[in-house]
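Since the structure comes first, as structure tokens, the remarks are kept for the end.
The values are calculated or read from the model by the stated rules, or taken from the named source; none is laboratory data. Everything numeric here is computed off the predicted structure, so don't read it as measured data. Here the Cβ positions follow ideal geometry from the backbone for every residue, glycine too, while neighbour counts run over all protein chains shown.
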Amino acid sequence: MAAETVIAAIRRIYEQFDALAETLPKEITVEGEVRALACKVGCTACCHQSVNVTAGQVMVVKAYILRHLKGDLPKIASRLRHTRKGLGETMGAVGVRCPLLDQEGGCTVYEARPLSCRAFNSFDRGACEASFLGQDEKRQSVTLSKLLTLRSDATKAILQTELAAGIAAFRQHRINAEGQIPNFELVRSLTTALQDDDFEQKCMGGQVLLQDLKR
Ligand code: SF4
């Protein structure tokens, strides 16, 4: 399977996920109170946390940047490197602005954003700000359980695609302890991917190892 085929397959999974997610309610009732979906353009709270990705999802974002944002590549790469340096050894960072956000609070790779970003939704903006911007005590956000099911199904479909493609990083996921499937973190793995013209070929050829993406 060619890298382009994997990228196209993952993008199709995204499209299906988005279409199903769009059918979900935009209002819910919590303890007798009707709440509207809080996610709006310009609210960037959820873009201040680590984003989990698989190797294939990194390939999708990289392909989008090379196709649509090539002129901005030096700026994007520099912002990624800067953020990555700030992350140090930390995993699961909160309060760190995603370097793919633009000045207006829009996602520069919106069409190609990872599944974690697509699947995020909240009916409590205050909870998001408290959790990701540290403006208050952490509190549990309200999200749709049906969306979590859709996300889980889409994740499985992506991993199956990567398994079929023989992506080495995925094989390493499989041998990880306790049957868990740890993902990569977006900033680190995309920095690595953009620095390496042969990233996709190495992934497909079994040469990109988990530790390479975590460096
Ligand atoms: S990739 Fe886009 S949607 Fe996801 S955290 Fe970064 S800016 Fe936000």
Being part of a helix (DSSP H, G or I), over 30 Å from residue 28 (Cβ atoms), aromatic (Phe, Trp, Tyr) and at pLDDT 80 or above, is that true of even one residue in segment 186-207?
-> yes
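Quick grid of which residues meet (1) without any contact (Cβ under 8 Å) to a residue 60 or more places away in the chain; (2) of a type in the set (Lys, Arg):
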{"residue": "10", "(1), (2)": "no, no"}
{"residue": "23", "(1), (2)": "yes, no"}
{"residue": "26", "(1), (2)": "yes, yes"}
{"residue": "58", "(1), (2)": "no, no"}
{"residue": "61", "(1), (2)": "no, no"}
{"residue": "66", "(1), (2)": "yes, no"}
{"residue": "81", "(1), (2)": "no, yes"}
{"residue": "86", "(1), (2)": "yes, no"}
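Does residue 101 count as near the ligand (Cβ under 10 Å from one of its atoms) and farther than 23 Å from residue 19 by Cα?
Details: near the ligand (Cβ under 10 Å from one of its atoms): yes; farther than 23 Å from residue 19 by Cα: yes.
Here the answer is yes, as residue 101 does meet what is asked.
Could you list, in sequence order, the residues of segment 112-166 that are hydroxyl-bearing (Ser, Thr, Tyr) and either within 16 Å of the ligand (Cβ to nearest atom) or modelled with pLDDT of 90 or more (or both)? It would help to see each step written out before you state the result.
Pass one, segment 112-166, residues hydroxyl-bearing (Ser, Thr, Tyr): 116, 122, 131, 141, 143, 145, 149, 152, 155, 161.
The answer is 116, 122, 131, 141, 143, 149, 152, 155, 161.
Residues checked against (1) surrounded by 12 or more Cβ atoms within 10 Å (Cβ to Cβ); (2) closer than 27 Å to residue 122 by Cα:
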position: 24; (1), (2): yes, yes
position: 52; (1), (2): yes, yes
position: 59; (1), (2): yes, no
position: 62; (1), (2): yes, no
position: 65; (1), (2): yes, no
position: 70; (1), (2): no, no
position: 73; (1), (2): yes, no
position: 79; (1), (2): yes, no
position: 83; (1), (2): yes, yes
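Taking residue 109, is it near the ligand (Cβ under 10 Å from one of its atoms) and under 24 Å from residue 202 (Cα atoms)? I'd like the intermediate steps shown before the answer.
Working: near the ligand (Cβ under 10 Å from one of its atoms): yes; under 24 Å from residue 202 (Cα atoms): yes.
Yes, satisfied.
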Restricting segment 21-78 to residues that are touching an Asp or Glu at 6+ places or on another chain (Cβ under 8 Å) and in a loop (DSSP other than H, G, I, E, B), which is nearest to residue 4 (Cα to Cα)?
-> 54
For segment 53-65, does any single residue satisfy the condition of being in contact with a strand residue (DSSP E or B) (Cβ under 8 Å, 6 or more places away or on another chain), on the phi < 0 side of the Ramachandran plot, modelled with pLDDT under 95 and of a type in the set (S, T, N, Q)?
-> yes
Given 39, 46, which one is within 17 Å of residue 143 (Cβ to Cβ), within 14 Å of the ligand (Cβ to nearest atom), touching a residue at least 60 places away in the same chain (Cβ under 8 Å) and in contact with a Cys (Cβ under 6 Å, 6 or more places away or on another chain)?
-> 46
Within segment 7-36, track down each residue that is under 16 Å from residue 144 (Cβ atoms) and within 16 Å of the ligand (Cβ to nearest atom).
-> 17, 18, 21
